[in-house]
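The values are calculated or read from the model by the stated rules, or taken from the named source; none is laboratory data. What you are looking at is a predicted structure, and each value in this text was computed from that prediction instead of being measured. Methodologically, a virtual Cβ is constructed for each residue, glycine included, from the backbone with ideal geometry; neighbour enumeration extends over all protein chains shown. Areas reflect the complete protein model, heavy atoms only, side chains present, ligands, DNA and RNA absent. Shrake-Rupley method; radii C 1.70, N 1.55, O 1.52, S 1.80 Å.
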Amino acid sequence: MDTTHNPAMLFVLPAFLLLIFMVTGSEGLFVAGLGVGMIVLIRWMAMDSTYRSTRRRLRLAQAHAERYILPEDLDYPCQMLLRRAQNAVEAIMNSNVHKAGLIDTIENRVSLPEEVWQIGERLRRLSSMHAEHGKLIPRELPPGMEDAFKPYTSALDAAWTSLSQRVRHLEKYAKQVLKADKVYHAHQRLERLAAKTPEYQQLLAETVRDEMAHERIRELSDQAAHVRKLFEESILQARQAAGELLRSPLT
């Protein structure tokens with residue numbers, strides 16, 4: 001019995017039990033009627049609240065339908081391409097160099113989500129046109145008609161190639177950021193060791209012959225400078241990759 005759309009049905013069973021009570025005078029039926037009425041009333045209130053909440057969410061979803069993309073909006077290749085873009089951005093945003101502000105954190109927070117949204121929107125449109133294209137193009141074209149359909153197929157292929165290239169740029173940026181992350185981790189460890197350099201120098205001076213001690217101490221300094229240079233270069237490469245991506249935004 002569905003009472004969600006017809007609240008009057010709430011009172012049918014309790015009223016029936018009360019009618020029997022009036023005829024028979026049975027107190028048990030009266031109590032049972034009240035109990036059933038309360039249970040049904042509480043159930044109806046819960047269902048009505050859920051129903052109204054669901055309707056409100058549906059209205060919001062319809063009002064903002066252009067601001068979200070569902071998996072079923074995309075065909076499988078487009079789903080996979082969008083997932084690659086999302087994975088690249090997640091890797092960048094979760095990196096230590098991003099969190100430490102060593103790359104353009106504000107630009108990343110603003111531009112990268114918008115980049116993924118723009119890619120997703122275009123993939124949604126491409127999926128829709130792909131499906132329509134598949135319905136319109138005959139499976140077997142008459143002789144001599146292939147060239148007439150070719151420009152339309154080429155247009156879809158060009159759009160796919162462009163979006164794929166865009167995702168590869170995102171992945172290149174993410175790869176550079178992850179590389180910078182690894183060097184940053186090594187750099188942090190080396191910085192801790194650098195603070196103990198005097199202890200290592202003293203150990204060498206006390207236990208190694210003078211000429212060998214000087215050589216080892218110089219190696220310590222050179223290695224620290226080398227790792228620091230690698231770290232700076234990796235950050236620079238990540239920033240350059242971001243610059244290449246953000247200089248040519250999707251519009």
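If I ask for residues that are open to solvent by 70 Å² or more (accessible area, probe 1.4 Å) and in a loop (DSSP other than H, G, I, E, B), which ones from the stretch 92-114 would you list?
Asn94, Asp104 - these are the residues of the stretch 92-114 that are open to solvent by 70 Å² or more (accessible area, probe 1.4 Å) and in a loop (DSSP other than H, G, I, E, B).
So is Gly144 out of contact with any Asp or Glu (no Cβ under 9 Å at 6 or more places or on another chain), within 23 Å of Leu178 (Cβ to Cβ) and exposed (fewer than 11 other Cβ atoms within 10 Å of the Cβ) or not?
Details: out of contact with any Asp or Glu (no Cβ under 9 Å at 6 or more places or on another chain): yes; within 23 Å of Leu178 (Cβ to Cβ): no; exposed (fewer than 11 other Cβ atoms within 10 Å of the Cβ): yes.
No, not satisfied.
Among the residues of the stretch 105-126, is any of a type in the set (Lys, Arg) and more than 21 Å from Glu244 (Cβ to Cβ)? Spell out how you get there, then give the answer.
Residues of the stretch 105-126 of a type in the set (Lys, Arg): 109, 122, 124-125.
Next cut, more than 21 Å from Glu244 (Cβ to Cβ) only: 124-125.
Within the stretch 105-126 (the criterion being of a type in the set (Lys, Arg) and more than 21 Å from Glu244 (Cβ to Cβ)), the answer is yes, since at least one residue qualifies.
Where residues in the stretch 226-245 are among the hydrophobic types (A, V, I, L, M, F, W, C) and modelled with pLDDT of 70 or more, which of them is farthest from Ile92 (Cα to Cα)?
So the residue we want is Leu230.
Can you tell which of Lys182, Lys150 is under 16 Å from Gln237 (Cβ atoms) and open to solvent by 80 Å² or more (accessible area, probe 1.4 Å)?
When all the criteria are applied, what remains is Lys182.
What pairs come out if I take residues in the stretch 178-204 that are among the basic types (Lys, Arg) and pair them with residues that are surrounded by fewer than 17 Cβ atoms within 10 Å (Cβ to Cβ) whose C-beta lies under 7 Å away, six or more apart or interchain?
Once the first residue is among the basic types (Lys, Arg) and sits in the stretch 178-204, no partner that is surrounded by fewer than 17 Cβ atoms within 10 Å (Cβ to Cβ) comes close enough.
Between Trp160, Trp117, which is open to solvent by 80 Å² or more (accessible area, probe 1.4 Å), of a type in the set (Phe, Trp, Tyr) and modelled with pLDDT of 90 or more? Can you show your working first?
Details: Trp117 fails: open to solvent by 80 Å² or more (accessible area, probe 1.4 Å).
From the options Trp160, Trp117, the qualifying one is Trp160.
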